[in-house]
Amino acid sequence: MRTTTKHKLTNPEDFKQNLLSWSQQFDDVVWLDSNNYQQQYSSYDAVLAVDAFTGFQTDYKNAFAQFKEYQTLANDWVFGYLSYDLKNDVEPLKSANYDGLAFPDLYFFQPKKIFLIKGDTVELQYLKMVDDEVETDLNAIRHYKDDECDNQPIENDPIKIQLRIHKDAYFDKIKTMLSHIRRGDIYEANFCQEFYAEDTVINPLEIYNKLNAISKPPFATFLKLNDKYLMSASPERYIKKEGTKIISQPIKGTAKREDDFILDSILKNNLITDQKERSENVMIVDLVRNDLSQTATKGSVKVEELCKIYTFDQVHQMISTVTSQVAENTHPIDIIKSTFPMGSMTGAPKISAMKIIETLEETKRGLYSGAVGYISPTGDFDFNVVIRSILYNASNKYVSYSVGGAITAKSDPLNEYEECLLKAKAMRTVLEGGN
């Protein structure tokens, strides 16, 4: 079905940048970039999938069953996303909040052309119908110039970022969340707020490149679905399958960076010993263990790392790694469905948390706090968590980014609000053009 060729790269970073620019001619694009971040569970440095041969998009109703059928019939690589609102297919829930972006709830496509970059080698997997284009494409990519594609900065009025929830209302909503915790309705919930701009035109690739340069995260993503775009600087993996091994790496716990080494080390150490942040992380680890146990072979769920600190350009993060084993005949979509939405973006108990989230948040999450990734022909997969991300509907001229944090009994509303602003800083910077 596919022709596979491998080629040596003299300058992998230049090739990656040219490749992403070249991809903008297609309507269906998924770009995944590790930014060469060294991690234990890494398959590729970067992946590009373009040009849909077949595609599938739907709302949440019966979405996972339809996705399972599509993926099984394709029996090939599929790339795309799962929006947070697929929760309504998994449980009897709803999403009735405002949606300015209007993305489909689920979208995947079978690409004609795939580029898998590892070190100084790129592997091309082309469907046989287009395999005669390999050399032409490689030559075009290696000699690509930005002026061949509309990648020039757009002159536009300054972007006016608005808050969907203002500060006083945010405090009131956090107090309501805390009252649910005191009553025992939930132990923890992830509460999110949207920042947005209307009647706004941006250059998505330019915005993505700036965002990625600021953050250099291990799960960066550029996604294009016709007129809809995701520009993501995500540091978090949702779930990965390697053979019969499943890996989930939830993030809970954030501290800012400082240029001064001593101050930065103090902030990092404070995060390590912060009991509130550790309790957030441990509660989500328990939730992930429970989710994985639904498809795991008996006794195989393990916590490989608990509350380990990872350092990124913008922040320090507390990350845990939970793994399990599944039977060889377990369908990949069943694994994803049994763990979705991810614990780090919901809360504990999960269903109660999602119900409360829906009543307090003002915006339909959509792709934000969903996942982008791929499933391979062998059933392996890798998906990120869509956070630290900008979403854009070019037809509606609507730009959006959301941020959130875990609320527990120890949460202070002001500290939670300041953490949201810290997480939002990179997105706001690239959109407003400030520092």
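The values are calculated or read from the model by the stated rules, or taken from the named source; none is laboratory data. Just so it is clear, the structure is predicted and the values come from calculations on it, not from any experiment. Neighbour counts run over all protein chains shown; Cβ positions are idealised from the backbone, glycine included. Ligands, DNA and RNA are excluded from the accessible area calculation, which covers all protein heavy atoms including side chains. Shrake-Rupley method; radii C 1.70, N 1.55, O 1.52, S 1.80 Å.
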Under 13 Å, Cβ to Cβ, from SER293 - net charge with Lys/Arg +1 and Asp/Glu -1: +1
Whole-angstrom gap from the stretch 94-111 to the stretch 20-78, using each part's C-alpha centre: 15
Sites GLN294 and THR10 - FRET efficiency at Förster radius 41 Å, r taken between beta-carbons, to 0.05: 0.30
Most fluctuating residue given options MET318, MET342, MET231, as computed from a GNM of the chain linking Cα atoms under 10 Å: MET318
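Note down the magnitude of the dipole of the chain about its Cα centre, charges +1 on Lys and Arg C-beta and -1 on Asp and Glu C-beta and zero elsewhere, to the nearest 20 debye. Each step should come with its number before you reach the end.
Numbers: 50 positive and 63 negative charges, 279 e Å.
The dipole of the chain has a size of about 1340 debye.
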Over 18 Å between alpha carbons, listed pairs LYS113/LYS224; LYS175/LYS355; LYS252/LYS298; LYS94/LYS355; LYS302/LYS410; LYS112/LYS210: LYS252/LYS298; LYS302/LYS410; LYS112/LYS210
Gaussian network model of the chain, springs between alpha carbon atoms under 10 Å - residue of ILE247, ILE266, ILE114 with greatest fluctuation: ILE266
Candidate aspartates and glutamates - alpha carbon under 13 Å from LYS276, same-chain residues fewer than 8 apart omitted: GLU188, ASP412, GLU416
Cα pair count fraction exceeding 20 Å, expressed as % - the stretch 252-384: 56
Residue with peak Gaussian network fluctuation, the chain [Cα springs, cutoff 10 Å], from LYS87, LYS210, LYS61: LYS61
Options ALA140, THR221, PHE15, ranked by Cα towards positive dipole end of the chain, top entry (Cβ charges): THR221
Heavy atoms of ARG183: accessible area, 1.4 Å probe, square angstrom to 10: 150
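How many Å² of accessible area per residue for the chain, probe 1.4 Å?
Details: 17830 Å² over 435 residues.
Ligands and nucleic acids excluded, the figure is 41 Å² per residue.
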Isotropically averaged projected area of the chain, using the convex hull of Cα atoms (one quarter of hull area), nm²: 20.3
Carbon/sulfur fraction of accessible area - the chain, other protein chains in place, 1.4 Å, %: 47
